[in-house]
Amino acid sequence: MPEPATRPSYRTIRELSEDERPRERLLRHGPEVLRDAELVAIVLGSGLAGENVVDLARRILEQHGGLPGLVRADARTLQRLRGVGAAKAAQLAAAVELGRRVQRLVPEDRPHLGSPEAVYAYVAGRFVGRTKEQLLVLALDTRGRLLGTPAVLGGTVLSVAVRPAEVFREAVVLEATGVILVHNHPSGDPTPSADDIRVTKQLAEAGALLGIDLVDHVIVGLNRYVSMRREGIALR
C-alpha cells in the first residue's frame, strides 16, 4: 500500500536561519540583494497560521502576476486575498505610493525637457500602476525648462473631447511659450490611437491661437513611450 504524500514542511520565520530571514538579510547585505517576495515580506511584517510571511508574500505576487500586477492593485483588491486584512493591504498600498513619489522627486532647479527621453524620465514614475488614463500638461519657458508643476487633468481620457481651455489654463497663467502633453496607455502599448492624433491636432491649433507652441505629445506605455513629434505625427 503506497505511503500517503507528505506535505512540504512548514517553518516559521524564527525557524529559518538568519541568512534566510528577509529582515536580517537586508540589514546585513542591503535591500538590493533581496528577492521581490522578501521585500514584500518585510512590508507585510507577519504571516498567518501555517504560512510564514515569505510564503504569504510569494503567494500574493503569484496571484497578481508579480510586481507589475501588485502595483496596479488597490487596497480593496488586496484585502480579497486570504491572510491580507485591512492593515496589511494598507501597508502594501502605502509602500507602492512611496515608490511612486520617490520617482517624482526632482532637483531644486527646474528640469530641462528638451527631448522625449528627458520627458519620459521625468514623468514615467507618475504612471506606474495606473489603471486609468491621465493627462499631464508641462508648461515650458523659452529654453524648454519646466514652469511650475505639471497640470494634471485627473481621469481625462483622450478618446473623449478635451477642452483646450483646461489644457492651456496653467500655461497661460505662467506665461509659457510652449507645452508638452503626456498621457498614459494603461494597456501598455504607447501607439497613438486615431483619437489621440485627432485631439492632438485640435490642441495644437488651439495653442497656436494662444501663441503657445505644442512642442510634443508623449504617450507612455509599459516601460516604453512614443513621441509624436519624433514620429512626425499630428504636430507637423
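Things to note:
- Each of His217, Val33, Ala139 was scored by the projection of its Cα onto the charge dipole of the chain, and the greatest displacement toward the positive side belongs to Val33; charges sit on the C-beta of Lys, Arg, Asp and Glu.
- Legend: P(r) of the chain from all alpha carbon pair distances, 5 Å bins from 0, whole percents, reading 1, 6, 12, 15, 14, 11, 9, 8, 8, 6, 4, 3, 2, 1, 0, 0, 0, 0.
- Summary value for the chain: 12 percent relative contact order, contacts being C-alpha pairs under 8 angstrom separated by 6+ residues.
- Separation in nanometres of the label points that stand 7 Å from Cα toward Cβ, at Asp213 and Ile197: 2.4
- Column: log10 I(q)/I(0), Debye, Cα scatterers of the stretch 13-103, q = 0.15, 0.18, 0.25 Å⁻¹: -0.55, -0.79, -1.38
- For the stretch 116-231, relative contact order (Cα pairs under 8 Å, six or more residues apart, normalised by length) works out to 28 percent.
Read-outs throughout are calculated quantities, based only on the coordinates presented, and are distinct from any laboratory measurement. All of these numbers come straight from a predicted model, not from anything done at the bench. Cβ coordinates were reconstructed from backbone atoms using ideal geometry, including for glycine residues, and neighbour counts include every protein chain displayed.
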